[in-house]
Amino acid sequence: MMGGWPRMEMMGGWDDAFGPDGPFGPGGPFGPGGPFGKRGGGRRRRMFGSGELRLVLLKLLGDEPRHGYELIKAVEDLTGGSYAPSPGTVYPTLSLLEDEGAIAPAKGDETRKAYEITDAGREELEERADEVEQLMERLAGHGERRRAYATPEMFRAAGNLAGVLKNKARSGQLDQKTMEEIVDLIDELAKKIERL
């Protein structure tokens, strides 16, 4: 085993490598749920607990008036691009905040509906300042952790490797000798990366 990566033979071959627990399967680092896999897929932990998205949106509107789409982008930016709330969660939350009197439609808006915070919303933010600060720090920390490894170049390179391996495996033209050569190349690459 090299750097935590078992050799293909030890894993049971290509089927296991791309299976549920393999490095290219749903739970592996190169699979859909892993840091180097495609976005989406896999089961993720919820980003927000009960009422937290509401508080984040209120804080963002306290900074400046925004449209729903701008709020979605702002949350995505806070998390380093790893999470964007769906319109199906943002717009109902905005309606709830408006019904509660914490936000109101921004004055002088053209066709799209922008919102701004009200005095009642500001009062809530002040009362819950510690909670808001911790929540925003958590989101910023999430973004920092993602930026530590998730550069576009890293995703592109890892995606290229995963794509080539999947295509080779699915081609049905891999003999034992070629598989051993590929495994040796990957093991050698892992050693070089570990030494960096």
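What ranking, highest mean first, results for peptides 95-104, 160-169 when packing means the other Cβ atoms within 10 Å averaged over each residue?
My ranking of the peptides, most packed first, is 95-104, 160-169.
Excluding same-chain residues fewer than 8 positions from K107, which lysines have a Cα within less than 27 Å of its Cα?
Qualifying lysines at Cα under 27 Å: K59, K73.
Quick one: check the C-alpha center-to-center distance for the stretch 150-196 versus the stretch 72-121, whole angstrom.
43 Å
If a/c stays under 1.5 just call it rounded; otherwise compare a/b with b/c (prolate if a/b is bigger, oblate if not). Do that for the stretch 58-146, with a ≥ b ≥ c from the square roots of the Cα gyration tensor eigenvalues.
Since a/c reaches 1.5 but b/c is at least a/b, the shape of the stretch 58-146 is classed as oblate.
Amide H of R66: which non-local residues (sequence gap of 5 or more, or other chain) have their own amide H closer than 5 Å, using H built in the peptide plane?
Residues meeting the criterion, in which the H sits 1.01 Å from N, are Y115.
Every number in this text was worked out from the coordinates using simple rules, so none of it is lab data. Nothing here was measured: the structure is a model prediction, and the numbers come from that model. Don't worry about glycine lacking a Cβ; one is built from the backbone with ideal geometry, like all the others, and counts go over all protein chains shown.
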